[in-house]
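The values are calculated or read from the model by the stated rules, or taken from the named source; none is laboratory data. Here the structure is a predicted model, which means the values were calculated and not measured. A quick note on method: Cβ atoms are made from the backbone with ideal geometry, for glycine too, and the neighbour counts reach across all protein chains shown. Protein only, heavy atoms only, side chains kept; ligands, DNA and RNA dropped before computing areas. Shrake-Rupley method; radii C 1.70, N 1.55, O 1.52, S 1.80 Å.
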Amino acid sequence: MIRQEIKAPETQLSLGQRRVVLTRLDPALWRVRFETQTGEVLDSRLLLTDLEGAELLALPDYLDLPVLLRFEEPLKVPPQVRADLYALLPVQYEIVVQRQNLRMVVGSLAPVDLQTSWEGPPTEGELVYHFQTPLFRTLKAERVPPGTVALALEIRNTTAEEKTLDHILVDSYQLSLYDLEGVLVAEVVEVYLNPAGVEIRYTDRSPAKEAREIRRGLENVRKRGLARITSRTLKSFVFRELI
């Protein structure tokens, strides 16, 4: 969560490539704008309330589509080996104005640019976001920029052959989110490299005992009226061997 005290005449809260700007027009009339960092207005609306002394909050929230995570470099996994790594997963933020008994959700903001595409056969595929991520072994705050969470991956090659993994598809809307000493992290996701392809398993497991839960994935699934997915099998996934 990111906090910013609201002060007249204008308050800004920056989130990666985006920002929220609150401007007081009258004592009890404010304009909230969602902008790019270059000043391009993405959305604008008026708030009829006195916000002096209130707080502007940015709460990590879920994207509405699965995310195809492409690794910056393909990962070669030897046979019968487990690798524990972190990737970056994009999120959006729920923008909230709060003061004592006042709580107003004024919108949502995705801090990073995301492209969409249709993945899979025309009758069986789905619309997904694309995001390129590095892989790293040690979790540090500077490696998790605004608009992303650290996703703990347990990658297991269950075959007798070396496999190369260059992307996975994650149903981010059902992951539990945590705060780990100021770093946003998601629940542990297991990735099994099988002879038929790749299986993604959602564990409901915190990446560390000291992590504080912010949002529970199961509650988000129920709120959206969706079905809980415990695993996703990518049967059509093709392993790309390095040349």
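Taking all protein chains as they are arranged and a probe of 1.4 Å, the heavy atoms of Tyr62 leave approximately 10 Å² accessible to solvent. Within a straight-line Cα-Cα reach of under 12 Å, Lys140 can be paired with the following aspartates and glutamates, leaving aside sequence neighbours fewer than 8 residues apart in one chain: Glu181. When both the stretch 154-191 and the stretch 1-16 are represented by their alpha-carbon centers, they are found 32 Å apart. Taken over the alpha carbons of the stretch 50-183 as equal point scatterers, the Debye sum produces base-10 log I(q)/I(0) values at 0.12, 0.13, 0.18 Å⁻¹ of -0.59, -0.67, -1.09.
Strictly greater than 14 Å: what percent of every Cα pair in the stretch 11-74 meets that? Every Cα pair in the stretch 11-74 considered, those over 14 Å come to 67 percent. Relative to the Cα centre, the charge distribution of the chain, modelled as +1 at Lys and Arg Cβ and -1 at Asp and Glu Cβ, gives a dipole magnitude of about 380 debye.
Taking all protein chains together and rolling a 1.4 Å probe, Asp26 ends up with roughly 80 Å² accessible. Of the solvent-accessible surface of the stretch 86-236, computed with a 1.4 Å probe over protein heavy atoms with every protein chain present, carbon and sulfur atoms account for 46 percent.
When Lys and Arg each count +1 and Asp and Glu each count -1, what net charge do the other residues less than 14 Å away from Lys209, Cβ to Cβ, add up to?
-3
Residue farthest toward the positive end of the dipole of the chain, with Cβ of Lys/Arg at +1 and Asp/Glu at -1: which of Asn157, Leu47, Leu85? Towards the positive end, the residue furthest out is Leu47. For the residues Arg70, Arg3, Arg232, a 1.4 Å probe over the protein chains yields an accessible-area ranking, largest first, of Arg3, Arg70, Arg232.
Rolling a 1.4 Å probe over the protein heavy atoms leaves Ser14 with an accessible area of roughly 70 Å². Per-residue ellipticity at 222 nm computed for the chain from its helices equals -500 deg cm²/dmol, with DSSP H segments shorter than 4 residues left out and the rest contributing -39,500 (n - 2.57).
With the simple model of a label 7 Å out from the Cα in the direction of the Cβ, Ala141 to Arg212 spans 1.4 nm. Size estimate for the stretch 59-122 follows the Kirkwood approach: the inverse of mean 1/r over distinct Cα pairs works out to 15.7 Å. Extension gain for the segment Gln4 to Asp26, taken as residue separation times 0.36 nm less the Cα-Cα distance, is 5.9 nm to one decimal. For Kirkwood radius over Cα pairs in Å, the listed values are [x] 19.5; [y] 18.9; [z] 18.1; which was obtained by calculation from the structure presented? Of the listed options [x] 19.5; [y] 18.9; [z] 18.1, [x] comes from this structure.
Take the Cβ-Cβ distance between Thr230 and Thr158 as r, set R0 to 25 Å, and report the resulting FRET efficiency rounded to the nearest 0.05. Once rounded, the FRET efficiency stands at 0.90.
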